[in-house]
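Notes follow once the structure below has been shown.
The values are calculated or read from the model by the stated rules, or taken from the named source; none is laboratory data. Given the structure is predicted, the values throughout are model-derived calculations rather than measurements. We place every Cβ from the backbone using ideal geometry, glycine too, and count neighbours over all the protein chains shown.
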Amino acid sequence: MTDKIKLVIVEDQQMVRDSLIKSIGEDPEFTIVGDTGNAGEALALCRDVRPDIILMDVCTENDESGITAARDIKTHMPEVKVVIMTGMMELRFIELSKAAGADSFIYKNINLNEMISILKGTSQGYSTYPMAKPISMDSKLFDLTKREQEILLLMCGGQSRKEIADSLNLAESSVKSYISNILSKTGFNSTAKLVVHVISNGYLNPKIN
């Protein structure tokens, strides 16, 4: 009989953590060997229970970073697979997780079956990160000019209007006008909603030349 996949869960919201423990624990291929709400305890917990894989939230109790914990675990226990999860649609978390050595990255809006599939794949040595799709793949939503795409990309990267203006050598008033056009074309009434939609649906081209 194949050994079960030993999993540790790091999630600061008790209700979410309990739900993950129950749901994933019902899969016959997994055994939950530990859990905590604080990423600062993750390395010590891993040393104690020796998991195959750890599922860890980006932001946890006491402002402890799951990404920092991932780096520590991969440094001291590289054999442990690390899957970072977050409910915040921020691009920087993806790149930071890669830099920390995390094996996979998921958003919390995926369904349970998909999460379990990614956990199993990661435990077998596969890496999963959100795929970026060119904005032009959905022309009905994103009939944007090249400049508007550049500005949208910077918006998704968390830059302010002033920072975008500096990056593209434009007047801030021009950036404001471009953003108004982007919102008009895409049908959104706020940049925050647009950015979340773009990132969560993968409508992002990381290289706009």
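What the table below lists for this structure:
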{"read-out": "Residue list for the stretch 174-186, restricted to those being at pLDDT 85 or above and more than 19 Å from Glu163 (Cα to Cα)", "value": "none"}
{"read-out": "Residue identified as over 22 Å from the mean Cα position of the chain (by Cα), modelled with pLDDT under 80 and under 21 Å from Glu95 (Cα atoms) among Asn209, Asn189, Asn201", "value": "Asn209"}
{"read-out": "Out of Glu41, Glu11, sole residue that is over 20 Å from Gly125 (Cα atoms) and touching a Lys or Arg at 6+ places or on another chain (Cβ under 9 Å)", "value": "Glu11"}
{"read-out": "Hits in the stretch 22-54 (condition: over 20 Å from the mean Cα position of the chain (by Cα) and β-branched (Val, Ile, Thr))", "value": "Thr31, Ile32, Val33, Val49"}
